[in-house]
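What follows is one structure encoded as structure tokens, with my remarks underneath.
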Number of protein chains: 2
Amino acid sequence: MINSKPLKENPNLFVFLPIYYLVWSDTLLTNEEVDLLKDLLSKQSWLKENEKTFLLDHLDPSNPPSTDDLKLWLEEIRKVLNKDQATSETLADIGIRLVNLHQDNHTANNVIQVRDNIHAIEERLGLISKESLYQFMPESRKTIMQQRKTQQNFNIDTLAKILDGEHTDIINQVKSVLSDPSFKYIETDSLSEYREKVLQWCQQLAKQGFGAMGYPTAYGGKDDMARYFTVMETLSYHDLSLVIKFGVQFGLFGMSIYFLGTEKHHKKYLHDVGTLQLPGCFAMTETGHGSNVKGIETTATYNHSKRSFIIHTPNSQAQKEYIGNAALHGKMATVFAKLVIDGKDYGVNAFLVPLRDANEKTLPGVTIEDCGRKMGLNGVDNGKIIFNEVEIPHENMLDRFASVTEDGKFHSPITSDNRRFFTMLGTLVGGRIGIPRSGLSATKSGLTIAIRYGDQRKQFGPEGGAEVPILNYRSHQRRLMPLLANAYALHFALQYLTNRFLTRTDDDIQEIEALAAGLKSFATWNTTQSLQECREACGGKGYLSENRIDRLKNDTEIYTTFEGDNTVLMQLVAKSRLSEFKQEFSNMDLFGMLNYLAGQAKTSFSEMNPLIVRKTDEEHLLDPEFHLNAFKYRERHILTSAAKRLKRHIDSGMDSFDAFNVTQHHLIAVGFAYIERIILEQFQLQVEKTEDEGCKRILKKLCQLFALSQIDRNKGWYLENDYMTGAKTKAIRKTLNQLCWDIRQDAVPLVNAFKIPDVLLSAPIAVKG
Amino acid sequence: MINSKPLKENPNLFVFLPIYYLVWSDTLLTNEEVDLLKDLLSKQSWLKENEKTFLLDHLDPSNPPSTDDLKLWLEEIRKVLNKDQATSETLADIGIRLVNLHQDNHTANNVIQVRDNIHAIEERLGLISKESLYQFMPESRKTIMQQRKTQQNFNIDTLAKILDGEHTDIINQVKSVLSDPSFKYIETDSLSEYREKVLQWCQQLAKQGFGAMGYPTAYGGKDDMARYFTVMETLSYHDLSLVIKFGVQFGLFGMSIYFLGTEKHHKKYLHDVGTLQLPGCFAMTETGHGSNVKGIETTATYNHSKRSFIIHTPNSQAQKEYIGNAALHGKMATVFAKLVIDGKDYGVNAFLVPLRDANEKTLPGVTIEDCGRKMGLNGVDNGKIIFNEVEIPHENMLDRFASVTEDGKFHSPITSDNRRFFTMLGTLVGGRIGIPRSGLSATKSGLTIAIRYGDQRKQFGPEGGAEVPILNYRSHQRRLMPLLANAYALHFALQYLTNRFLTRTDDDIQEIEALAAGLKSFATWNTTQSLQECREACGGKGYLSENRIDRLKNDTEIYTTFEGDNTVLMQLVAKSRLSEFKQEFSNMDLFGMLNYLAGQAKTSFSEMNPLIVRKTDEEHLLDPEFHLNAFKYRERHILTSAAKRLKRHIDSGMDSFDAFNVTQHHLIAVGFAYIERIILEQFQLQVEKTEDEGCKRILKKLCQLFALSQIDRNKGWYLENDYMTGAKTKAIRKTLNQLCWDIRQDAVPLVNAFKIPDVLLSAPIAVKG
């Protein structure tokens, strides 16, 4: 085109070159648009007929310019570009300068007169001048997105100290042990090699006293449960098979002896458990009974003449299943079985049953099968255990809560079999604290990997311009920033739970059990969700084992199931909330309560005033009081309505079991609403008490993000119940997106404050920037 | 208590026994409630002082009855139970019969007179008589939940035929090959053994002509792309490494030669590709460029003197990564590289580059590294490829869309480098059909396992009563039934996509590309979500590798990333929708369009009339027209508002790249809304055209469930935009739950209609009931 005769004869035609370039290089221009352009051209009265024909011919899709032509046009256009004020020009301006270039510095008047005309063509085509101009000089383009970078707005060490609390010493100690070359991750195809390695690691940790940390000093421990939990949590930056093997031995097995046994058991076993000289198992779950453990069928039949118990697996559904440490290493197990005396069933009790002799051969009557490969945690040797009339002495009953007397009678300070069993389980609630804390560490590892990668990985950019870090994309931020806020929120909530547990009394143990059940569920589901997002956020790199997200994800996958299936636990939480409800109204009779409930719906809560329902200014939307009120309102309202629904169903003659089932979805929401309020409350308290200004500022933002992302998730509920208007939930979404955009700059420092040693992260994509 | 003196002296006291039993066996009774009971007892004027003292003493928590006492009380109570009318009695009634039992058949009048009084105590305690009575005779309890069972409401074979369409022959052929003992799943720790096995499987399939199915008959194929897709889909009931290895060879590698090459390439290679004599790779992705493939940096520099190209990897970010078949078996690769002629860049083109010689040794200049272990698909040998000035002859350029002429000039029928590259990619869109169909098969396997297990696995039940299949629990249904509906919905939607692809023309190829991108994203995310739920729904059993959910889950995990990252694809869909938008208004000028958009918000759509917004009767909520209107309204509204937001930002001077970023979350919703409408539309068409009454009925229910579960998911949006009231979204939730409850009976037959051979499912927990 450029060197064609008509252009040489009339350089004025150059005025169309920028538009023609865009037409042929644009991948989106449609036939209709080309037709529109043709139509406009034919109306330009200043063009001669042969010029029109020429121009129209060059719009014919069957006769396109060559690729080289197009490149030449661009070169031509670039000659006249004004790089400094590029964005204020129109295509017509450039066209006119092209005309000048070819016409000895004076432009024909008719071309200048049609400048607006040409500009109108641009507009009709929907071309945006500024955007079009960038196609000519992409390098001049600067977007906000390209400028967004990691910044240092607070002191990372100070924030790390806030997270670690008073346990910096033990955390550093564990990290230093794990960073030793002997703890290098194992790369092997072989299951047996992997399991052996994990056992060795456990032995090393035991040798240094980490396993016995929670046991009384008399038996080699430090009597320090707080530090024991911290050890579990810190170990979870390493291989999670190690953590679970460790937890089975020193937590489940050891703590069952400690909490369900009496001094004679402590004296005899705890020392050897703590040093791993006595590897053991916790054999509660059976094939047929996992969630409903009260229904297990293994029997422990008392034989008074021999003062012994016969442990027996009556059918295949009663075999102990998924038992950690069983397939290879366990020498003894705490076995839960129904105690039978004189043909009478006294409910589930716990017994110590030897499994293997000193040569690691299984003992007579004991059959163990390997559970084989699992989705994850393959360094742990899970097995099935079947007992065929295995005899154990009287002293092997863990007899803190129940015993068989000298004269062969059952004795317990707790009358009801049910209540006794749940009291026993209650002492083991520590598992529901250790597991979410372990899962949170894995989440932190995943977030560290994904966020550091997102900060460095660049992909796409403005057409022709430099590429942009993927963490600058809003959708990427929306995926990861709320999860980062969740991780911080859960850190403080799980610390609160731990403290409550450590200072528990008989009066608040039930509340703490509900708290543990709920936080365990919320936190482990959050782990699954977070690691899923981290995998996707790292794309193909996230799929390679070298970057460890696969391990973290597969290993923690079972966290939502073991130590209590999350769905079941959330219903437990809800039932506990309903019973607190019952207590609160215990001074009302049934009808009084029913009337109260009916009235509740009409009650106009103070937060429900129409002004607040509609309020959308940013100050209000970021106000902690607004957040907490919203959470509390939901918690209260959802609990009340669940109670009402239950009553209504039962009153109408429905069986209570059916009524609970019909309401199940609602009850799970009750559990969530309670736990979410607790988490927010604790996070807000932490923000308030933080003294360092930089840390306070960023923690406050994270807390706001946590609150708003939960409200946004539940916005359907808030709208359904007229607590917010649509305008308000839309404003919340906007504020939420803005918070993510703001926090993005702090994201890398925020994960660096987790202080996970690089050797433990061990992900090539997570190198520090 | 029973044998105590006061009871013997005054058997009237027996009237309290049922209440006392409940007090001591209840695990939830609080101190306040015990106090309340004490208070009420002390007010019973018919009791003597010593009797009151006796009764009060027996409520003292520090002096509980023994466990044996409690068992005796229960035995005593059971003596007088009236099993036939159990549920209509009060505790007082039973108490009075106990008095009779001990008092020679005539009850003291004063006891009968206080019957109401005692009943009042029951009520004040919040005990529900019926529920309490079940504690005495749990075996008499029958809940609706215990009665819910799998039923046969339609003919499974007929439904299977509807799903298979016209491809039953090839489906059965593939299933029969896969059921051969030689296709037994491999159980090995060793990566190399696994990869070798998968290669062998591929060879067996190639031998039977499955690989070449889509190629022209001249080169050993059947010219049948439809059947090729069906083969991929059916293979996906087997090991997914096999499917991906198969897809890389016959799909990616073979189809790139077929669609990007010309006859000379077809003649020379296609036959050997189809028989797997020439194993090959598809080398597009680079370390630095995965989503933004236009930015790849590998170069193919033309050397005119030798009529050859030099393929070169200029830096480590430009190495080809994740390339399937590369680490071990590939002998040649289709390599995407920037063509450079005389120092000018002609954009990305495709070249055939030999990798290994006949002895499987890598050729000079080619370096291949193993990607190592991955989260899944470990039977596929992914590798990195680095080229160091590898020379290939001129004929190795795949030259359908671009070529270098005899005189060394670039030639292409498509002027723009961009447009040419996207045209090339467009021919490869088949991958975005094969992958979601493969993922759907994996989803069907997972659902078959989880639903059959849920139908048989029992856990919990009414206190003391028989346990209940977990699929009878509402929360379990809510987890799985909507996913079952999604699987059916996607089956028909992906068939529609396949048909559109097979009958494509130049005019609708862009629409089909958007459709494929969107359905690929929706379907593969659905696969991830479904298999996650299936794992959790199977608890510990779902974690054991023997039940295969782990493999299905980990293997398909990358489906959301490869063949296009889902988040990126959904934005492509949105952009395509916006450009259709632009077409629709191409006869308006910019201001006209802007005004139209502004007006749009105020437009009252016909469905927006206040009556319909509020309508909550079941007939309306289940009406397909209501569903489709709601989907369409959302699709239209969300697209319009996204366009408006984009314009507003750009008009205010924001860079378009920034504007798209700020709107990113919104754009992804545009993609979803479009795809969801397509899926619903196709499902409804399928229901309409189904003739068999039984199948039509169940498909209709599944379609309703699909529609309502999507609406429920998006209820926040519908409420925000006043398309529904809170009362309506609540009614929808209720209807949704009811649909899940109804479909539960059909769930096992519905997964059985997928007709996945048990030997392929290979999950012990998925045995047919």
- Note on the structure: Scanning the range A:279-314 for residues that are over 30 Å from B:Lys541 (Cβ atoms) and either not in a strand (DSSP E or B) or not assigned by TED's automatic domain parsing to the domain that holds A:Asp407 (or both) gives A:His304, A:Ser305, A:Lys306, A:Arg307
- Message: Out of the residues in the range A:350-373 meeting the condition of being of a type outside the set (Gly, Ala, Ser) and in contact (Cβ under 8 Å) with a residue 60 or more places away in the chain, tell me which one is farthest from A:Leu425 (Cα to Cα).
- Response: A:Arg373
- the range A:134-150, residues that are closer than 15 Å to A:Asp742 by Cα and either in a loop (DSSP other than H, G, I, E, B) or more than 9 Å from chain B (Cβ to nearest Cβ) (or both): A:Gln147, A:Arg148, A:Lys149, A:Thr150
- Message: Looking at B:Phe54 and the list (1) surrounded by fewer than 16 Cβ atoms within 10 Å (Cβ to Cβ); (2) more than 20 Å from A:Ile414 (Cα to Cα), which single condition is not satisfied?
- Response: (1)
- Query: Which residues, counting only those in the range A:266-313, are acidic (Asp, Glu) and within 14 Å of chain B (Cβ to nearest Cβ)?
  - Reply: A:Glu286, A:Glu297
- Matching residues in the range B:19-41 (within 7 Å of another protein chain (Cβ to nearest Cβ) and at pLDDT below 75) number 5
- Query: Is it the case that the range A:646-664 has a residue that's closer than 19 Å to A:Tyr718 by Cα and modelled with pLDDT of 90 or more?
  - Reply: no
- Query: Does B:Gly372 satisfy the criteria of being in a loop (DSSP other than H, G, I, E, B), touching a strand residue (DSSP E or B) at 6+ places or on another chain (Cβ under 9 Å) and not assigned by TED's automatic domain parsing to the domain that holds B:Thr556?
  - Reply: yes
- Message: For the range B:498-515, which positions are more than 14 Å from B:Phe229 (Cα to Cα) and of a type outside the set (S, T, N, Q)?
- Response: B:Arg504, B:Asp506, B:Asp507, B:Asp508, B:Ile509, B:Glu511, B:Ile512, B:Glu513, B:Ala514, B:Leu515
- Message: So B:Val429 passes all but one of these: (1) in a helix (DSSP H, G or I); (2) away from every other protein chain (no Cβ under 14 Å). Which condition number does it fail?
- Response: (1)
- Message: Quick test for you: out of A:Lys520, A:Lys541, A:Lys575, A:Lys553, pick the one residue that is among the basic types (Lys, Arg), part of a helix (DSSP H, G or I) and modelled with pLDDT under 95.
- Response: A:Lys575
- Query: Of all the residues that make up the range B:556-566, how many are over 13 Å from the mean Cα position of the chain (by Cα) and either within 24 Å of B:Leu471 (Cα to Cα) or part of a helix (DSSP H, G or I) (or both)?
  - Reply: 2
- Item | Residue that is nearest to the other protein chains (Cβ to nearest Cβ), among those in the range A:322-334 that are crowded, with 24+ Cβ neighbours inside 10 Å and either acidic (Asp, Glu) or not in a strand (DSSP E or B) (or both) | A:Gly324
- Item | Enumeration of residues in the range A:404-415 that are buried (at least 18 other Cβ atoms within 10 Å of the Cβ) and touching a strand residue (DSSP E or B) at 6+ places or on another chain (Cβ under 8 Å) | A:Val404, A:Phe410, A:Ser412
- Within the range B:68-127, considering residues that are touching a Pro at 6+ places or on another chain (Cβ under 7 Å) and of a type in the set (A, V, I, L, M), the one modelled with the lowest pLDDT: B:Leu91
- Message: Residue pairs, Cβ under 6 Å, 6 or more apart or interchain, first in the range A:178-197 and closer than 19 Å to B:Met375 by Cα and within 14 Å of chain B (Cβ to nearest Cβ), second part of a loop (DSSP other than H, G, I, E, B) and among the charged types (D, E, K, R). List them.
- Response: A:Asp189/B:Asp189; A:Ser190/B:Asp189; A:Leu191/B:Asp189
- Message: Take B:Lys222 and tell me if it is not in a helix (DSSP H, G or I) and not aliphatic (A, V, I, L, M).
- Response: yes
- Residue count, the range B:49-73 (criterion: in a loop (DSSP other than H, G, I, E, B), among the acidic types (Asp, Glu) and in contact with a Leu (Cβ under 8 Å, 6 or more places away or on another chain)): 0
- Query: Residue check: is A:Gln532 in a helix (DSSP H, G or I), modelled with pLDDT of 95 or more and either more than 8 Å from chain B (Cβ to nearest Cβ) or surrounded by fewer than 24 Cβ atoms within 10 Å (Cβ to Cβ) (or both)?
  - Reply: yes
- Task: Just one of (1) more than 21 Å from A:Phe660 (Cα to Cα); (2) within 8 Å of another protein chain (Cβ to nearest Cβ) trips up B:Glu467, so point out which.
- Result: (1)
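This table checks each residue for (1) within 11 Å of chain B (Cβ to nearest Cβ); (2) touching a Pro at 6+ places or on another chain (Cβ under 8 Å).
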{"site": "A:Ala514", "(1), (2)": "no, no"}
{"site": "A:Gly540", "(1), (2)": "yes, no"}
{"site": "A:Leu552", "(1), (2)": "yes, no"}
{"site": "A:Tyr559", "(1), (2)": "yes, yes"}
- Note on the structure: Okay, helices (runs of 4 or more DSSP H) sitting entirely in the range A:678-769 with 1 or more residues that are more than 21 Å from A:Gln151 (Cβ to Cβ), I get A:693-713, A:715-720, A:726-743, A:758-761
- Query: What residue, among those in the range B:169-207 that are modelled with pLDDT under 95 and touching a helix residue (DSSP H, G or I) at 6+ places or on another chain (Cβ under 8 Å), is nearest to B:Leu276 (Cα to Cα)?
  - Reply: B:Ile186
- Looking only at residues in the range A:736-759 that are away from chain B (no Cβ under 14 Å) and charged (D, E, K, R), which one is nearest to A:Gln456 (Cα to Cα)? A:Asp746
- Query: Considering the range A:709-730 alone, what residues qualify as being of a type in the set (A, V, I, L, M, F, W, C), farther than 16 Å from B:Asp722 by Cβ and more than 9 Å from chain B (Cβ to nearest Cβ)?
  - Reply: A:Ile711
- Would you call A:Gly408 touching a Lys or Arg at 6+ places or on another chain (Cβ under 9 Å), outside the structural domain of A:Ile558 (by TED's automatic domain parsing) and not polar (S, T, N, Q)? yes
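Table: residues versus (1) within 26 Å of A:Asn359 (Cα to Cα); (2) outside the structural domain of A:Arg420 (by TED's automatic domain parsing); (3) without any contact (Cβ under 8 Å) to a residue 12 or more places away in the chain; (4) more than 36 Å from the chain's Cα centre (by Cα).
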| site | (1), (2), (3), (4) |
| --- | --- |
| A:Phe250 | yes, no, no, no |
| A:Phe259 | no, no, no, no |
| A:Thr262 | no, no, no, yes |
| A:Val273 | yes, no, no, no |
- Query: So which residues in the range A:545-581 are crowded, with 23+ Cβ neighbours inside 10 Å, on the phi < 0 side of the Ramachandran plot and either small (Gly, Ala, Ser) or in contact with a Lys or Arg (Cβ under 7 Å, 6 or more places away or on another chain) (or both), if there are any at all?
  - Reply: A:Asn547, A:Ile549, A:Lys553, A:Glu557, A:Leu569, A:Ala574
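The values are calculated or read from the model by the stated rules, or taken from the named source; none is laboratory data. This one's a predicted model, so the numbers in the text were calculated from it and none came from an experiment. As a convention, Cβ positions derive from the backbone with ideal geometry for all residues, glycine included, and neighbour counts pool all protein chains shown.
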